[in-house]
Amino acid sequence: DQQVKQNSPSLSVQEGRISILNCDYTNSMFDYFLWYKKYPAEGPTFLISISSIKDKNEDGRFTVFLNKSAKHLSLHIVPSQPGDSAVYFCAASYSSASKIIFGSGTRLSIRP
Amino acid sequence: NAGVTQTPKFQVLKTGQSMTLQCAQDMNHNSMYWYRQDPGMGLRLIYYSASEGTTDKGEVPNGYNVSRLNKREFSLRLESAAPSQTSVYFCASREKQAFFGQGTRLTVV
C-alpha cells in the first residue's frame, strides 16, 4: 500500500510559467515532508521541506504548500526554467530521524 | 566535500552470486538509508539505521541484509542475487534532510 502518492507520472510546462507538482499521503502520523529533484544518472538532491506545523514554506522560486486535512502537498515552481526539467520526488517521514517514504515521482519537462 | 560515497558505481552479477554495496558518509549523521529505484516505482526503502548499532526493515527488505559498521558506514549485502534485484541502489544519510550518494547500478543476469 503506497503511503505517498504522486498520481501524475509526467508534466509539461512552458518556460516562464508556473509548474505545480502534487503529492498525497495516507498516514496522518507523517509530520515532515520533503521534495527532491533527480537528474538521470545522479542521486536525488534536496529541494525544499515543510514541517506539519506550517502550511507554507518558500525558498526562492520554490514554494511548498501543505494541506493537512486533505493530506495533500504541492510544489510550485515560478517561473519555470529549462534546468528544472527533471524527476521530482515527494517524501514524508515521522520525524527528522525516522525512515523517509518516497512517492513514485513526476517527470517535469519545461518546453521553450 | 565528499558527502555520501557509494561503491561500486556499476556491477554485473550472475544469479546466485553475492556482493556487498558499500556506503560511507562524512557528515556525522546518525541516520542512514538504503533505497532502490526502479522505473515507475520511485525510491523504495530497503533498510534504514536510525543510529549506530540499530537497523530496521523498510518497504522491500526481502533478499537483503545490512550492517551499520560504525557511524560512518552502512553496507547492503545481497547473499544470493536474483534478476529481480536488478536496480539502481542509493544510499542516504540524514539529520533533517537526507543527502544521497550517486548510486550503484546493479544488473543481475
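No value in this document is a laboratory result; all are computed from the given coordinates. Everything numeric in this text was worked out from a predicted model, so none of it was measured. Virtual Cβ from ideal backbone geometry, glycine too; neighbours counted across all protein chains shown.
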Residues A:Ser10 and B:Asn28, FRET efficiency given R0 of 41 Å [Cβ-Cβ distance, rounded to 0.05]: 0.60
Pop out the ³J(HN,Hα) list for region A:48-59 in order, Karplus 6.51 cos²θ - 1.76 cosθ + 1.60 with θ = phi - 60°, rounded to Hz; leave Gly and Pro as x. 6, 9, 8, 8, 5, 7, 10, 10, 7, 9, 10, 8
Of the listed pairs A:Lys68/A:Lys99; A:Lys38/A:Lys99; A:Lys5/B:Lys96; A:Lys5/B:Lys14; A:Lys56/B:Lys57; A:Lys37/A:Lys68, those with alpha carbons more than 26 Å apart are A:Lys5/B:Lys14; A:Lys56/B:Lys57
What number comes out for the charge environment of B:Ser87, summing +1 per Lys or Arg and -1 per Asp or Glu over other residues with Cβ under 11 Å away? +2
Whole-Hz Karplus couplings 3J(HN,Hα) for region B:25-30, θ = phi - 60° and coefficients 6.51, -1.76, 1.60, Gly and Pro as x, run 10, 10, 9, 6, 7, 7
Any chance you could run the full-extension gain for A:Arg111 through A:Arg61? It's 0.36 nm times the residue separation minus the Cα-Cα distance, nm to one decimal. 16.2 nm
Rounded to two decimals, what ratio of Rg to Rh does chain B give with C-alpha atoms and a Kirkwood Rh? 0.94
Non-local amide H neighbours of A:Ser109 (under 5 Å, H modeled in plane, Pro and chain starts lacking H): which ones? A:Leu11, A:Ser12, A:Val13
Please compute the Kirkwood hydrodynamic radius over chain A, one decimal place, Å, based on all pairs of different Cα atoms. 14.0 Å
Specify, per residue and in Å³, the volume enclosed by the convex hull of the alpha carbon atoms belonging to the protein assembly as shown. 120 Å³
For region B:48-61, in residue order, the Karplus 3J(HN,Hα) values (coefficients 6.51, -1.76, 1.60; θ = phi - 60°; whole Hz; Gly and Pro = x) are 9, 9, 6, 6, 4, x, 10, 9, 9, 6, x, 7, 9, x
Region A:1-55: C-alpha gyration tensor shape, a/c 1.5 cut-off, then a/b vs b/c: prolate
Whichever aspartates and glutamates have a C-alpha closer than 13 Å to that of A:Lys71, once near sequence neighbours (fewer than 8 apart) are set aside: A:Asp24, A:Asp31, A:Asp55
Count charges around A:Asp24 for me, please; just the other residues with Cβ under 9 Å from its Cβ, Lys/Arg as +1, Asp/Glu as -1. +2
